[in-house]
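Below is one structure; the comments refer to it alone.
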Amino acid sequence: MAKTYFQKAYKFDDKKEAFVIEVSLDDYNDVYDDWDPSPFKKRDIEDEFNEFIVNSSEDIPFKYSIMLNLYIPEGKKNTDKETALVAAYKNFYSYALSRLNKSKSNLNRKNFLYLVLSVFFLTGGFFFREVNLFFKILQEGIFIGGWVFLWEFFTNVFISKRELQKEYKLYKRLYHSDIRFIYY
């Protein structure tokens, strides 16, 4: 059987049954955002590091677990910094998950509003009586508004919600991924 792209690009750890994303670092600080003065546990993850991890994770199908191998020079070994880095990593993705939960909740509220407004406008347009040209134009506007709200509802349900759920699964997998430090 031919190997797919992700099977060629990423090693598979048989013991953990996970694909491995490998990152070579010069120092523990390479993971952190340089502009964030917070203590290590609360520091933001560097955008480039996050982008690399997210893009790599997107290459690997969701049915597989992932783990991170962080390669650091032997002379830089520091268990306190390892612990702080893992805590910062978990904190970063935990916050991302809570933001996505908030976005999903907001989307659900908007969907409910769009559905109610579309039913209201379409029903109102149906019972609206045409007396003259002005009321005919008003009735058509009400129908159009109802269809637009219904379109937004379906767009959010079948496209936006699906994209949010995919992003949530991705960040949840990153949050639960094991981190292993390897020294060279």
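Look at residue 44 and say whether it is touching a strand residue (DSSP E or B) at 6+ places or on another chain (Cβ under 6 Å), at pLDDT below 95 and not basic (Lys, Arg). It is false that residue 44 is touching a strand residue (DSSP E or B) at 6+ places or on another chain (Cβ under 6 Å), at pLDDT below 95 and not basic (Lys, Arg).
State whether the residues of the stretch 54-67 include one that is out of contact with any Pro (no Cβ under 6 Å at 6 or more places or on another chain), within 23 Å of residue 166 (Cα to Cα) and at pLDDT below 90. Within the stretch 54-67, not a single residue is out of contact with any Pro (no Cβ under 6 Å at 6 or more places or on another chain), within 23 Å of residue 166 (Cα to Cα) and at pLDDT below 90.
Inside the stretch 87-118, residues that are at pLDDT 95 or above and over 17 Å from residue 172 (Cβ atoms) make up a count of 13. Of the residues making up the stretch 141-184, just one is exposed (fewer than 15 other Cβ atoms within 10 Å of the Cβ), part of a helix (DSSP H, G or I) and among the hydroxyl-bearing types (Ser, Thr, Tyr), namely 155.
Report yes if residue 62 is part of a loop (DSSP other than H, G, I, E, B) and in contact with a helix residue (DSSP H, G or I) (Cβ under 7 Å, 6 or more places away or on another chain), otherwise no.
On the way: part of a loop (DSSP other than H, G, I, E, B): yes; in contact with a helix residue (DSSP H, G or I) (Cβ under 7 Å, 6 or more places away or on another chain): yes.
When the stated conditions are applied, residue 62 passes them.
The values are calculated or read from the model by the stated rules, or taken from the named source; none is laboratory data. Fair warning: this is a prediction, and the values are worked out from it, not measured in the lab. In this analysis, Cβ positions are derived from the backbone assuming ideal geometry, glycine residues included, and neighbour counts consider all displayed protein chains.
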